[in-house]
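Report on one structure; see the data block that follows.
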Amino acid sequence: MEEFVRKILAKIGIDSDRFVLKWASAAEGPRFVKLITDFTAKIKSLGPLGEPGGVSKDELQIKLLAARSALEKAKLRTGLGNLTKGFRKEGDYSDQQIKDKVNEKLTKSIGTEIDRNETLLRIQKQGPISFDELTKKLGASGTDIEKYVAAFRKKGLVAETDNQLSATSNQ
Amino acid sequence: MTNARLESVQGEAGNFTARVHTDPRYINEDLCTACGICTMYCPVITSDIFNEGLALTKNLHKDYPQAVPSSFYIDPKECLFVNHEMCRICASTCQAQAIDFNQTEEEHDLSVGSVILTPGFGRIDDEVLSRYGFGKYPDVLTSIEFERLTCASGPTEGTIVRPSDQRHPKHIAFLQCIGSRDETCGNGYCSSVCCMYAIKEASVAKEHDPDLDITIFYMDMRTQGKEFDASRQRAREKYGIKFVRSRIAGIQEQGDQLRISYVDGRGAHHGESFDMVVLSEGLESPEGADDLARSCGIDINKYEFCSTQAFTPLQTSRQGIFVAGAFGGPKDIPESVTEATGAVASVDSLLNKVRGSQVEKKEYPAELVIGDEPRIGVFVCHCGSNIAGVIDVAAVREYASTLDGVVYADQSLYSCAQDAQQILKEKIKEHNLNRVIVSACTPRTHEPLFQETLRDTGLNRALFEMVNIRDQCSWVHAGEPEEATEKAKDLVRMAVAKAGLAQPLPEQQIPVIPKALVIGGGISGMTAALSMAEQGFETFLVEKSDKLGGNLRNVSALLSGEDPRKIVKEVEKKIASNDLIRVYTGAEVESVSGYVGNFTTNISSALGTQVIEHGVIIIATGGRPYEPKQYCYETSKQVITQIELEDAISSGALEKDLQQVVMIQCVGSRGDDLSYCSKVCCGQAVKNALRILDKYPNADIYILYRDIRTYGFMEDYYKKAREKGVVFVNYDKEKAPVATDTDGRLSVTFFDEMLDDDITLEPDLLVLSVGIVPNDVDSLSKILKVPVTKDNFFLEAHVKLRPVEFAVDGVFMCGLAHSPKPVNESIAQAKSAAGKAALPLAKGVVSVEPIVSKVNPEICIGCGICVSLCPYQAIQMVKAGKKKKAETISASCKGCGICASHCPTLAISMGGFTNEQIRSQIKAFGG
Amino acid sequence: MGNEFNPKILGFMCNWCCYAAADSAGVSRYQYPPNVRTIRMMCTGRMDPLFIIDAFCVGTDGVFVGG
């Protein structure tokens, strides 16, 4: 889960240090205090989410929403589920193993799924929008986006008029 | 009852009067809210005994945050009021009025049917420790002091520093057997736990500071427990901890270091300097053991531990009085926990006829049907000044009243007080509240109390939500009242969002079939089955072979003299005459379905397949001797195993003029073939050596060993064997003995460290102390979906806290199937498994916490990911028409939520922690 | 005061581990920055990646998951 989330954050341009997963047992009050104190300091040093240097707040919001929609759908969730299942079966939970497996099995679909959802979201929120404009904003490969758009059109989610893409009314 | 001691036990089993003396605590634990204000004002500073005097504490204090009861206490020894009638500041600071100096000593006469003695162990005398410089050199610590130093919540918050100069030590020595295996201090026995805890402490220290250089000086490294040898190996290989077999000659201060002089295995003298020395102190019999023995009328042994017998390890010499833990002999946590439940099973066997006869069942009013519209009431607690001293409670209440869905907001001095509960009930009725939020301390301690109050008013307990603004807010942000108030408001807002979505959750109770299945009919399975039946439950005992008894049929005597075959016969007779036990011999478990309380099992035997229904399962599939190929076992008739030797001794088949016998330890064990220590073989070798000497007093016996592991009171027999002339020669795994069979003439060659030379003997007999191999576990572990270790022993749910249970509810284990162990430990463990297994059967129902998961079949796509991820086997696939859908087995579900978080279609929801609820909390957090 | 960045941090804590550790820190009166708001769970197994993205969607500056 941890590595999976890091990959998603990296994909949408959020410093993955903004998320940590730490362990403290019930008896480890002092450890908890240290963890929280350190994490707070770390976040302070990173500054507010979506500030200068990184993507603008609105851009980040779109990417976050895209990640959210991707995570609400079965594709990525199945991938994560199957991966966890694999770890359980092999009994190997070493950091390296998890990193390798996430990379091998999920990184690509994280990329595709978020891009796919972002494509639709942008058409919905920023449409009508030209294909070129869309590709530029997404920063992904044109051929891939073309595929997503074609699929959306097939499902009747997206329509194209005068080279401008827009969401159909029921969206 | 704390501050209490047992004065006397009159009467007989089933009808005792126990007189208990209590000393005053000066704080009423029922009223104390554990807020801790009093301790801040207590002016008397005293040594912190819990932290071994390494820190200071107030005289009015609590040893550690999790102490039970969760109440403070006043030590009368130094209290100004108790001794001089002055001060009493604490009493005036306590708003709960819990401090009560009128408390006096009291005598209580308790009517009890049985008594379990668990006084634990005592400490090694300072005089003994002082022989190693303790008390003289500040940097000589006991292992318990060192334990406190490495503890994150200890006096130094886990930093290891030298008491003399607060510097970090670089070189640390651990000295083993301090106060153990030492006749000069009266403790001839081995304390059993110190080798392992020294390894643990050293490893923990290395984790804190990888640059540490640690050496453990030992006589024999007794890491005989389950997976213990692996820890030792890790300590050496991963942490670089050095192990030196030696005898300590002395310890001297040298500059700011401590110089240890020691003699190694070859008899050579060495000296080495360290910054800190840790004394691995042994376990002494508990303080006042003789008084306790007298007041209970029980026997104690020469070391003042409770006397027990090998086949009744939990039974004292007096009927109806049982023992568990270190009082019965030094032992570690898993074994103590195991024995505790075993003792309970023994008591239940005695008292099951009156089980539940003094219990009153609480009745609740019928549940109200709540409207869709949330009517939320928020109650903000002052907790005296604990919350109100930092947080602006009125502002939080005011803020709460502005939130959506909140129809009533109030504040109170102590929400948990009796009168506040009454007010809470009235307000619920008056304002027709259907969701209740109490903003106070932690739900971990107080949620049940408020939920109970809700149930008294007819509201489902799932409609309650708690906000922690004390333990996790006012107490930890004392210097930032404004921020703390803001945080409290945020937390209340999040709770209101969550509570608005709360739905009543069913209070499920699943009926239990009050029968048990025991798999395996060796002494463990027999004991477990008999114990279940004696506790009043019908029991099926399934044995693969054609008769009960298992390995013990081949053992003719124990170290302590008893004949196991007799005992097996006795237990067999009891089983045969007990109407509640049905024995299936020549039978195997073919399949098992169901869950705790409701299992269905197919048993196959010559009679065909029989179907039985039962509520619990105890696995006692046991083990068998390792079959050696080493040391010419297969070619020479002079090479036999210890079991074969036992048979020869008892049947008189040994040759008449036996002159020389060599025994080799760890055949198969400890990395020879099996990775683990088989635990019983050292005792077995010593036993058989002594038995041979009984018959042939002039025989020369050599025992070639790696570490002699005669832990506990077995050490006495090891000593006896040495006194009788048995020669013990240590060997290294890399330089193992070699046996040769030349034309029927057997010879054994081994390296003698003392002589620094190889020695060759031509013994009459070479006896191999072979290890223990678990019986085939593959099919059973698959049928029951329970885990095994890499060595094929069943893996318990928690090594220390749940030593005989699986993570899956309703399945238990005991005996060799768990790990190699001698018969007394197997019996204790079998009773323990029976004690645990009897719990759901005695209750008659499995009560399901409302936090369990629930699958929405409309959304479920039947992928089965949840089924394979559930650590408790609490989700199964069921057929719904043509499709398969997941379904929660509520009785087994623990509410962890891994199924919900990994469901591809978000079809699974957790009671009280639904996706919608958590996401609404997150949204509310955003503002 | 005022200008200093005061991050909003959301914590998801396991009831048996980190949440309990946090309680115990309270009992001992250890002090730490007041930025974290906690959501209690019965186990970190409940932790859905979705919740973390949700948290960033509502403007959280950091997410701490404590098992």
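Tallying residues that are touching a Gly at 6+ places or on another chain (Cβ under 7 Å), more than 7 Å from chain A (Cβ to nearest Cβ) and either of a type in the set (A, V, I, L, M) or part of a helix (DSSP H, G or I) (or both) within the range C:8-24 yields 1. For the range B:785-805, which positions are over 17 Å from the mean Cα position of the chain (by Cα) and either surrounded by fewer than 21 Cβ atoms within 10 Å (Cβ to Cβ) or modelled with pLDDT of 95 or more (or both)? Of everything in the range B:785-805, those that are over 17 Å from the mean Cα position of the chain (by Cα) and either surrounded by fewer than 21 Cβ atoms within 10 Å (Cβ to Cβ) or modelled with pLDDT of 95 or more (or both) turn out to be B:K785, B:P787, B:V788, B:T789, B:K790, B:D791, B:N792, B:F793.
Of all residues in the range B:675-706, how many are touching a strand residue (DSSP E or B) at 6+ places or on another chain (Cβ under 8 Å) and under 16 Å from B:P820 (Cβ atoms)? Give the derivation first.
Keep residues of the range B:675-706 that are touching a strand residue (DSSP E or B) at 6+ places or on another chain (Cβ under 8 Å), which gives B:677-682, B:684-686, B:688-689, B:692-693, B:699-706.
Filter once more, so that each one left must be under 16 Å from B:P820 (Cβ atoms): B:677-682, B:684-685, B:706.
The total comes to 9.
When A:K63 is tested against the conditions (1) over 20 Å from B:T905 (Cα atoms); (2) touching a helix residue (DSSP H, G or I) at 6+ places or on another chain (Cβ under 7 Å); (3) surrounded by fewer than 19 Cβ atoms within 10 Å (Cβ to Cβ), the lone failure is (3).
The set of residues in the range B:596-616 that are outside any strand (DSSP E or B) and either of a type in the set (F, W, Y) or surrounded by 13 or more Cβ atoms within 10 Å (Cβ to Cβ) (or both) comprises B:V596, B:G597, B:G615.
Could you check the range B:203-226 and list, in sequence order, the residues that are in a loop (DSSP other than H, G, I, E, B), touching a strand residue (DSSP E or B) at 6+ places or on another chain (Cβ under 9 Å) and without any contact (Cβ under 8 Å) to a residue 60 or more places away in the chain? Listed by number, the residues that qualify are B:L212, B:M219. Within the range B:328-352, residues that are farther than 24 Å from B:E304 by Cβ sit with their Cβ atoms under 7 Å from residues that are of a type in the set (D, E) and in a helix (DSSP H, G or I), at 6+ positions apart or across chains, in these pairs: B:S349/B:E534. Among the residues of the range B:471-487, those that are in contact with a helix residue (DSSP H, G or I) (Cβ under 8 Å, 6 or more places away or on another chain), outside any loop (DSSP other than H, G, I, E, B) and within 7 Å of chain C (Cβ to nearest Cβ) comprise B:D471, B:Q472, B:A484, B:K487. The residue pairs whose first member lies in the range B:701-723 and is over 15 Å from B:D229 (Cβ atoms), whose second member is of a type in the set (D, E), and whose beta carbons are closer than 9 Å, counting only pairs six or more residues apart or on different chains, are B:T710/B:D220; B:T710/B:D716; B:K719/B:E183. State which residue is surrounded by the most Cβ atoms within 10 Å (Cβ to Cβ) when the search covers only the range B:504-557 and only residues that are hydrophobic (A, V, I, L, M, F, W, C) and in a helix (DSSP H, G or I). Applying the filter and picking the extreme gives B:A528.
The residue that is nearest to the chain's Cα centre (by Cα), counting only those in the range A:66-87 that are of a type outside the set (A, V, I, L, M, F, W, C) and at the interface with another protein chain (Cβ under 7 Å from one of its Cβ atoms), is A:R68. Looking across the range B:428-453, the residues that are in a loop (DSSP other than H, G, I, E, B) and either away from every other protein chain (no Cβ under 14 Å) or closer than 22 Å to B:L368 by Cβ (or both) come down to B:H431, B:N432, B:L433, B:N434.
Please state which one of B:S577, B:S593 is at pLDDT below 95 and either loosely packed, with under 15 Cβ neighbours inside 10 Å or within 23 Å of B:A834 (Cβ to Cβ) (or both).
Working: B:S577 fails: at pLDDT below 95.
From the options B:S577, B:S593, the qualifying one is B:S593.
Only a single criterion out of (1) over 23 Å from B:N915 (Cα atoms); (2) within 14 Å of chain C (Cβ to nearest Cβ) is not satisfied by B:K425, namely (2).
Here the condition is being out of contact with any His (no Cβ under 6 Å at 6 or more places or on another chain), under 30 Å from B:D732 (Cβ atoms) and either at pLDDT 95 or above or in a helix (DSSP H, G or I) (or both); of B:S336, B:S295, B:S273, it holds for B:S273 alone. On inspection, C:G59 fails the criterion of being modelled with pLDDT under 95, at the interface with another protein chain (Cβ under 7 Å from one of its Cβ atoms) and over 25 Å from A:I62 (Cβ atoms). Is it the case that some residue within the range C:37-51 is polar (S, T, N, Q), more than 8 Å from chain B (Cβ to nearest Cβ) and either part of a loop (DSSP other than H, G, I, E, B) or closer than 23 Å to A:P30 by Cβ (or both)? Yes; the residues of the range C:37-51 include at least one that is polar (S, T, N, Q), more than 8 Å from chain B (Cβ to nearest Cβ) and either part of a loop (DSSP other than H, G, I, E, B) or closer than 23 Å to A:P30 by Cβ (or both). Within the range A:9-29, can one find any residue that is within 8 Å of chain C (Cβ to nearest Cβ), surrounded by fewer than 20 Cβ atoms within 10 Å (Cβ to Cβ), assigned to a helix (DSSP H, G or I) and touching a residue at least 24 places away in the same chain (Cβ under 8 Å)? No - not one qualifying residue is present in the range A:9-29. Kindly indicate whether A:S45 is touching a residue at least 40 places away in the same chain (Cβ under 8 Å) and assigned to a helix (DSSP H, G or I). No.
Yes or no, residue by residue, for (1) among the β-branched types (V, I, T); (2) in contact with a helix residue (DSSP H, G or I) (Cβ under 8 Å, 6 or more places away or on another chain); (3) over 21 Å from B:L530 (Cα atoms):
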{"residue": "B:D563", "(1), (2), (3)": "no, no, no"}
{"residue": "B:K573", "(1), (2), (3)": "no, no, no"}
{"residue": "B:Y584", "(1), (2), (3)": "no, no, no"}
{"residue": "B:A587", "(1), (2), (3)": "no, no, no"}
{"residue": "B:S593", "(1), (2), (3)": "no, no, yes"}
{"residue": "B:G597", "(1), (2), (3)": "no, yes, no"}
{"residue": "B:S604", "(1), (2), (3)": "no, no, yes"}
{"residue": "B:G608", "(1), (2), (3)": "no, no, yes"}
{"residue": "B:E613", "(1), (2), (3)": "no, no, no"}
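Within the range B:8-30, which residues are in a strand (DSSP E or B) and exposed (fewer than 15 other Cβ atoms within 10 Å of the Cβ)? Before the answer, list the steps.
First, pick out the residues of the range B:8-30 that are in a strand (DSSP E or B): B:8-12, B:15-22, B:27.
B:Q10, B:G11, B:E12, B:N15, B:T17 - these are the residues of the range B:8-30 that are in a strand (DSSP E or B) and exposed (fewer than 15 other Cβ atoms within 10 Å of the Cβ).
I'd like to know if the range B:68-83 contains one or more residues that are under 27 Å from the mean Cα position of the chain (by Cα) and either polar (S, T, N, Q) or closer than 30 Å to B:S180 by Cα (or both). Yes; the residues of the range B:68-83 include at least one that is under 27 Å from the mean Cα position of the chain (by Cα) and either polar (S, T, N, Q) or closer than 30 Å to B:S180 by Cα (or both).
Per-residue answers, yes or no, for (1) outside any helix (DSSP H, G or I); (2) in contact (Cβ under 8 Å) with a residue 24 or more places away in the chain; (3) under 19 Å from B:S92 (Cβ atoms):
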| site | (1), (2), (3) |
| --- | --- |
| B:T46 | yes, yes, no |
| B:I49 | yes, no, no |
| B:Q66 | yes, no, no |
| B:S71 | yes, yes, yes |
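Report yes if B:V808 is of a type in the set (V, I, T) and surrounded by fewer than 24 Cβ atoms within 10 Å (Cβ to Cβ), otherwise no. Against the criterion (of a type in the set (V, I, T) and surrounded by fewer than 24 Cβ atoms within 10 Å (Cβ to Cβ)), B:V808 qualifies.
Consider B:K200 carefully, then state whether it is in contact with a helix residue (DSSP H, G or I) (Cβ under 9 Å, 6 or more places away or on another chain), without any contact (Cβ under 8 Å) to a residue 60 or more places away in the chain and either over 30 Å from B:C666 (Cβ atoms) or surrounded by fewer than 19 Cβ atoms within 10 Å (Cβ to Cβ) (or both). First the steps, then the outcome.
Details: in contact with a helix residue (DSSP H, G or I) (Cβ under 9 Å, 6 or more places away or on another chain): yes; without any contact (Cβ under 8 Å) to a residue 60 or more places away in the chain: yes; either over 30 Å from B:C666 (Cβ atoms) or surrounded by fewer than 19 Cβ atoms within 10 Å (Cβ to Cβ) (or both): yes.
Against the criterion (in contact with a helix residue (DSSP H, G or I) (Cβ under 9 Å, 6 or more places away or on another chain), without any contact (Cβ under 8 Å) to a residue 60 or more places away in the chain and either over 30 Å from B:C666 (Cβ atoms) or surrounded by fewer than 19 Cβ atoms within 10 Å (Cβ to Cβ) (or both)), B:K200 qualifies.
Go through the range B:79-101 and give me each residue that's part of a helix (DSSP H, G or I) and under 13 Å from B:N59 (Cβ atoms). Please lay out each step first, then the result.
Step one: filter the range B:79-101 for residues part of a helix (DSSP H, G or I), giving B:80-84, B:89-93.
Scanning the range B:79-101 gives B:L80, B:F81, B:V82, B:N83, B:H84, B:I89, B:C90.
The values are calculated or read from the model by the stated rules, or taken from the named source; none is laboratory data. Since the structure is predicted, the reported quantities are computational estimates derived from the model, not experimental observations. No Cβ is skipped: glycine too gets one built from the backbone with ideal geometry, and neighbour counts run over all protein chains shown.
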